[in-house]
Amino acid sequence: MKYVSTRGQIDPVPFQEAVLMGLARDGGLLLPEHFPDVRDRLDAWRALPYEQLAFEIMSRYIGDIPADDLRNIIRKSYERFRPVPAGGAVLGQGPQIVPVRSVGPVYLLELFHGPTYAFKDVALQFLGNLFEYVLGRRNTEMNIVVATSGDTGSAAIHGVRGRSNIRIFVLHPAGRVSPVQELQMTSVLDDNVFNIALEGTFDDAQSIVKALFRNLPFKDARHLGAVNSINWARILAQIVYYFYAAFRVMDATGSQKVSFSVPTGNFGDIFAGYAAARMGLPTDKLILATNENDILSRFFSTGDYARGTVVPTLSPSMDIQIASNFERWLYLHAGNDAAQVRAWMEAFAQTGSIHVSPRTGEERLDPWLVAGRADTNQTNETIRAFWTEYGYTLDPHSAVGVSVALRKPNPANTPLICLCTASPAKFPDAVIGAAGSEAAVHEAGIDALQGALTRKTTLPNSVKAVEDFVAAHC
Ligand SMILES: *Cc1c(COP(=O)(O)O)cnc(C)c1O
């Protein structure tokens, strides 16, 4: 399998190259040349444990890592999760890395049992091991530069901390991540970890990172590497749990199809669901749920992709107005027409908005994606309702997904899997504000952060300042 750029101006590259490149050298995003059709494998895969299913799916996208090595990378990546026993409301058999729980009218796919209590661990534990493998073979090093709205940073740091051939520079918007999220990053004191509090929004941080990657001489000299969800390996790792959860729910209900609801920011997680659907996973709807930062839900309702200003919400990891991964969808929507993508991206950069129409002969923009938003009141109501009616505490990101999903018509009664992207223990203020202190959830690994030693550097919102800092430390 080779990887192409959404901007069409690089030669196709194999998987390891794509992982090291992160953002394509022409400024686009990398995508597999095609999505493998796995419909004839679904029966055989249905009973596989998570790691084996991951191997089957990933090996279809990876042509340049021997099978045993890939198995080993996958095994190491899920070793640090805290498995949940099946039984009761938890579907399946045996310990579950990504448990699916039947709660009220929905199935909750809990993706937060990794080291930093958010779904990003699923991909970033894998990416850390993958980088170590690829860099080790090439006897080279990497300096990761990444922007975070909260959870990527800590998950990335925990994916690569202490590794000898990797340094990581994490930019978070100063004062705009939750106290727990900040501590999860700044309390990691390994020599290869640098936390930067940027005086700006997440979008500012993201555009600085993109500027560093566009500066090709700097990128090459400093061996810059990316761990944002622009990195294809992250999307790949996330495809796995869509299959896994669908199998659990199909087993439990006998249904032939499922729908997913995905709390969305950068469009990475839901794009993995979209890839799963393209591979042949029987998917009815992919429900894209945003908070008040709703550029994507507006888009899928109107076809207008128009930048707004970022407002802080209860779900900071979704406080994003420019969704990096959206370009991947645009490319596929345009029928792999890179020239069209370049025209759209240029128009968007100049005017802050573009209009996209359904494909000829189709009414909807996309066969699977539908969208909606949940505001602060609706998010709070959902947290409160799930706590009082089912005794289950949702974190505010997951609550956005549940709230939007439950307001969508579902005439065929298709089982609805709502992705739970963070542990409620990460967002105690939001949980207590919505449902009272009884609803608060504690995790020993989070409580232990209080009073920890921390380290960070505050920098102004400037490409130059960040570039100088990176250069000085690598
Ligand atoms: C990152 C994140 C999201 C958004 O995921 P995207 O892939 O950026 O769409 C949602 N919830 C939580 C808790 C996150 O950390």
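The values are calculated or read from the model by the stated rules, or taken from the named source; none is laboratory data. As the structure is a prediction and not an experimental result, all values here were calculated from the model. Here the Cβ is made from the backbone with ideal geometry for all residues, glycine too, and neighbour counts use every protein chain on show. The protein model used for the area step is the full one, side chains on, heavy atoms only, and it has no ligands, DNA or RNA in it. Shrake-Rupley method; radii C 1.70, N 1.55, O 1.52, S 1.80 Å.
Results, tabulated for the structure shown:
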| item | result |
| --- | --- |
| Probe 1.4 Å, protein heavy atoms only - accessible area per residue of the chain in square angstrom | 36 Å² |
| The range 375-438, relative contact order [Cα under 8 Å, separation at least 6], % | 40 percent |
| Accessible area of GLU389 in the full protein assembly, 1.4 Å probe (Å², nearest 10) | 120 Å² |
| Net dipole in debye of the chain [+1 Lys, Arg Cβ; -1 Asp, Glu Cβ; about Cα centre; nearest 20] | 440 debye |
| Built amide H within the under 5 Å cut-off of SER261, gap 5+ | ILE287, ILE417, CYS418, LEU419 |
| Those GluC sites (Glu not before Pro) in the range 39-120 that DSSP places in a loop and that have at most 15 other beta carbons within 10 Å | GLU79 |
| Gained length - ASP26 relative to HIS442, 0.36 nm times residue gap less alpha-carbon distance | 145.2 nm |
| Rounded to whole Å, sorted largest first: equivalent-ellipsoid semi-axes of the chain, Cα gyration tensor | 30, 26, 24 |
| Where the Cα pairs of the range 324-426 fall when distances are cut into 5 Å bins, in % | 2, 10, 15, 16, 13, 13, 13, 10, 5, 2, 0 |
| Total charge dipole magnitude, the range 234-380, about the Cα centre, Cβ charges on Lys, Arg, Asp, Glu only, Debye to nearest 20 | 260 debye |
| All-pairs alpha carbon distance profile, the range 1-145, 5 Å steps from 0, percent | 2, 8, 15, 17, 20, 16, 11, 7, 3, 1, 0 |
| Overall form of the range 155-209 per C-alpha gyration tensor (a/c, 1.5; a/b vs b/c) | oblate |
| Label-point separation in nm, GLN350 to ALA306, each point 7 Å along Cα→Cβ | 1.9 nm |
| Qualifying lysines (Cα of each under 24 Å from Cα of LYS120; at least 8 residues distant if same chain) | LYS76, LYS210, LYS285, LYS426, LYS456 |
| The range 305-401 - percent relative contact order, Cα under 8 Å, separation 6 or more | 26 percent |
| Vicinal HN-Hα couplings computed from phi for the range 79-96 (Karplus, 6.51 cos²θ - 1.76 cosθ + 1.60; Hz; Gly/Pro x) | 5, 8, 7, 9, x, 9, x, 6, x, x, 6, 8, 6, x, 10, x, x, 10 |
| Magnitude of the charge dipole, the range 162-318, Cβ model with Lys/Arg +1 and Asp/Glu -1, debye to 20 | 440 debye |
| Calculated from backbone phi, Karplus (6.51, -1.76, 1.60) coupling profile of the range 444-454 in Hz, x at Gly/Pro | 4, x, 8, 4, 5, 6, 4, x, 5, 5, 9 |
| Directionally averaged projected area (convex hull, Cα atoms, the range 209-273), nm² | 5.2 nm² |
| Trypsin sites (Lys or Arg not before Pro) lying in DSSP loop within the range 205-283, provided at most 16 other Cβ fall within 10 Å | LYS257 |
| Sequence of TRP344, TRP232 from largest to smallest accessible area, 1.4 Å probe | TRP344, TRP232 |
| Amide H within-cut-off set for ALA86, under 5 Å, with H built and near neighbours excluded | GLY94, GLN96 |
| Quarter of Cα convex hull surface for the range 136-264, i.e. mean projection, nm² | 10.4 nm² |
| Derived scalar couplings ³J(HN,Hα) [the range 189-203; Karplus, 6.51 cos²θ - 1.76 cosθ + 1.60; whole Hz; x for Gly, Pro] | 9, 4, 4, 8, 10, 10, 9, 10, 8, 8, 7, x, 8, 4, 4 |
| Contact order normalised by residue count of the range 335-465, Cα under 8 Å, 6+ apart, percent | 18 percent |
| Cut-off under 5 Å, modelled amide H: who pairs with LEU224 long-range | ASN143 |
| Whole-percent carbon and sulfur share, accessible surface of the chain, 1.4 Å | 47 percent |
| Alpha carbon convex hull of the range 116-172, volume per residue in cubic angstrom | 62 Å³ |
